[in-house]
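Down below is the structure, laid out as structure tokens.
The values are calculated or read from the model by the stated rules, or taken from the named source; none is laboratory data. Here the structure is a predicted model, which is why all the values come from computation and not from measurement. Reconstructed Cβ throughout: ideal geometry from the backbone, glycine too, with neighbour counts over all protein chains shown.
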Amino acid sequence: MPETRATYYSVDIECSGTVPALYDMISLGAVVVAPDAEGELSPGATFYTELRPESPTVDPGAMKVNGLDIEKLRREGTPRRVALESLTAWVAATCRPGTKPVFVGHNAPFDWSFVAYSYGVEGMPNPFGYKALDTKALAAGALGLHWFDTGKEILDKKLGIEAEDMSQKHRADYDALYQAKILVQLLKRQG
């Protein structure tokens, strides 16, 4: 079984543009990856929230990708601080005793930057700290792939998991779950 000092959190975000501070994180999905009753790593508890945008700047291309309604989010989205308080409480409630939470993303630098910025601007501690595990980098090393060959459409075949459901792609909760499946298979190969 892989290392047990960590409780892994597969995290995916959708945003209104390409960089924090200029654009907003507008949805966040997370899935716990931890040993199940039989001791096998598997996806577990989930978290999802849609956030109220703070910035007036919106990239129409980003909104087309994520399919969220920016005006509806401005009216009904969860305030950023409330969303982060909920995420922090959920991580505290789901982190296995004796372990530390580890942020995992498929292209983690992108997703982590929005999460870390949001915690920073709200003056709150990030429950994941300043580090993240990137499944693209992990796949490159574990499978001996070139960086450009670490896309999900290649990894599904290499890891023997189902292809992404394109009707749900770019929904943060679905993407976090799919990435959790990738993580499980990569960690199994680590031994």
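When restricted to residues that are under 27 Å from S16 (Cα atoms) and hydrophobic (A, V, I, L, M, F, W, C), segment 156-191 contains 8. Looking only at residues of segment 157-170 that are in contact with a helix residue (DSSP H, G or I) (Cβ under 8 Å, 6 or more places away or on another chain) and in a helix (DSSP H, G or I), we find that the one that is farthest from L183 (Cα to Cα) is K158.
Condition check ((1) closer than 21 Å to R171 by Cβ; (2) polar (S, T, N, Q)) across all residues:
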site	(1), (2)
M25	yes, no
G29	yes, no
T46	yes, yes
G61	yes, no
V65	yes, no
D69	yes, no
T78	yes, yes
R81	no, no
A92	no, no
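Output the residues belonging to segment 76-116 that are assigned to a loop (DSSP other than H, G, I, E, B), touching a residue at least 24 places away in the same chain (Cβ under 8 Å) and more than 11 Å from P127 (Cβ to Cβ). Don't jump to the end; show me each part of the working.
Step one: of segment 76-116, the residues assigned to a loop (DSSP other than H, G, I, E, B) are 77, 79, 95-99, 106-107.
Of the ones still in play, those that are also touching a residue at least 24 places away in the same chain (Cβ under 8 Å) are 77, 79, 95-96, 98-99, 106-107.
If the condition is that a residue be assigned to a loop (DSSP other than H, G, I, E, B), touching a residue at least 24 places away in the same chain (Cβ under 8 Å) and more than 11 Å from P127 (Cβ to Cβ), then G77, P79, R96, G98, T99, H106, N107 are the ones that fit.
If you check G67 against the conditions, is it of a type outside the set (D, E, K, R) and out of contact with any His (no Cβ under 8 Å at 6 or more places or on another chain)? Talk me through it step by step, then tell me what you get.
On the way: of a type outside the set (D, E, K, R): yes; out of contact with any His (no Cβ under 8 Å at 6 or more places or on another chain): no.
When the stated conditions are applied, G67 does not pass them.
For G77, the criteria (1) at pLDDT 95 or above; (2) farther than 14 Å from S16 by Cα; (3) surrounded by 14 or more Cβ atoms within 10 Å (Cβ to Cβ) hold in every case but one, which is (2).
Yes/no per residue for (1) out of contact with any Phe, Trp or Tyr (no Cβ under 8 Å at 6 or more places or on another chain); (2) of a type in the set (D, E); (3) surrounded by fewer than 14 Cβ atoms within 10 Å (Cβ to Cβ):
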residue: Y48; (1), (2), (3): yes, no, no
residue: G61; (1), (2), (3): yes, no, yes
residue: V91; (1), (2), (3): no, no, no
residue: G120; (1), (2), (3): yes, no, yes
residue: A132; (1), (2), (3): no, no, no
residue: L138; (1), (2), (3): yes, no, no
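Listed residues A176, A139; which is closer than 21 Å to P35 by Cα and within 11 Å of the chain's Cα centre (by Cα)?
On the way: A139 fails: within 11 Å of the chain's Cα centre (by Cα).
Only one candidate passes the filter, namely A176.
Report, by residue number, each residue of segment 117-154 that is of a type in the set (S, T, N, Q), closer than 18 Å to Y8 by Cα and without any contact (Cβ under 8 Å) to a residue 24 or more places away in the chain. Of everything in segment 117-154, just one residue is of a type in the set (S, T, N, Q), closer than 18 Å to Y8 by Cα and without any contact (Cβ under 8 Å) to a residue 24 or more places away in the chain, namely N126. Among all positions in segment 122-143, there is no residue which is assigned to a loop (DSSP other than H, G, I, E, B), at positive phi and either touching a strand residue (DSSP E or B) at 6+ places or on another chain (Cβ under 7 Å) or at pLDDT below 95 (or both).
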